[in-house]
Amino acid sequence: MLFEELQAKIEDWAYDKNLLHADNVERQFLKVIEEVGELASGIAKNERDETIDAIGDVFVTLIILSAQLELDPVYCLNEAYQVIAKRTGKTIDGVFIKDS
C-alpha cells in the first residue's frame, strides 16, 4: 500500500475515534514522544519486532498530529528532504555532522 493510502486510512481511523481536533495537539504530541520512547527501548534491547511496531506507531502518531495541525505529512517530509539534500558534512561514529 502507498504511504498516501495508509495516511488516508489512519486519518479515517482517527476521525472515527474523534481525535482530529486542534485542541488535542498537545496530547497528541505527547503520544508521539511516548512512541519515540518505545522505539528507543526496542533499539536498546535489540528487539526487532518491538522496533518495527514502534516505528509504525511513530508514523501513525505523526500522521494524526499532522492532520490536527492541518499539515500534509508528505509535504512536510518533502520540505525536510529539500533541506537535507543540499546539506554538506561528514559522518563521525555513525552520526552525520552537518557543516556550519
For the chain, what % of the accessible area comes from carbon and sulfur atoms, probe 1.4 Å?
59 percent
Over the stretch 33-82, relative contact order from alpha-carbon pairs under 8 Å, at least 6 apart, %:
28 percent
Taking the Cα centre of the chain as origin, work out the dipole magnitude from +1 charges on Lys and Arg Cβ and -1 charges on Asp and Glu Cβ, in debye rounded to 20.
520 debye
The helix 48-68 Cα axis meets the longest alpha-carbon principal axis of the chain at an angle in degrees, between 0 and 90 and rounded to 10, of 60 degrees
For the stretch 51-100: rounded, prolate or oblate by the Cα gyration tensor [a/c cutoff 1.5]:
oblate
Could you order GLU26, GLU35, GLU47, GLU11 by accessible surface area, starting with the largest, using a probe radius of 1.4 Å?
GLU26, GLU47, GLU11, GLU35
Mind checking the angle between helix 3-16 and the chain's longest principal axis? C-alpha axes, 0 to 90 degrees, to the nearest 10.
40 degrees
Okay, helix-only estimate at 222 nm for the chain: each DSSP H run of n ≥ 4 adds -39500 (n - 2.57), divide by all residues, round to 500 deg cm²/dmol; what do you get?
-22500 deg cm²/dmol
Cut-off 12 Å between beta-carbons: net charge of the residues surrounding VAL58, Lys and Arg +1, Asp and Glu -1
-4
In nanometres, the difference between 0.36 nm per residue of separation and the alpha-carbon distance of ILE84 and PHE3 is 27.1 nm
Tell me, what is the percent relative contact order of the chain, built from C-alpha pairs under 8 Å that lie six or more residues apart?
26 percent
Counting only other residues whose beta carbon sits under 14 Å from that of ALA80, what net charge do I get with K and R as +1, D and E as -1?
+1
Residue by residue through the stretch 84-100, the couplings from Karplus 6.51 cos²θ - 1.76 cosθ + 1.60 with θ = phi - 60°, in Hz, x for Gly and Pro, are 6, 4, 9, 6, 10, x, 8, 9, 10, 6, x, 10, 7, 10, 6, 5, 6
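The values are calculated or read from the model by the stated rules, or taken from the named source; none is laboratory data. In this text the structure is predicted, and so the values were computed from the model without any measurement. Neighbour counts are summed over all protein chains in view; Cβ atoms, including those assigned to glycine, are modelled from backbone coordinates with ideal geometry. The protein model used for the area step is the full one, side chains on, heavy atoms only, and it has no ligands, DNA or RNA in it. Shrake-Rupley method; radii C 1.70, N 1.55, O 1.52, S 1.80 Å.
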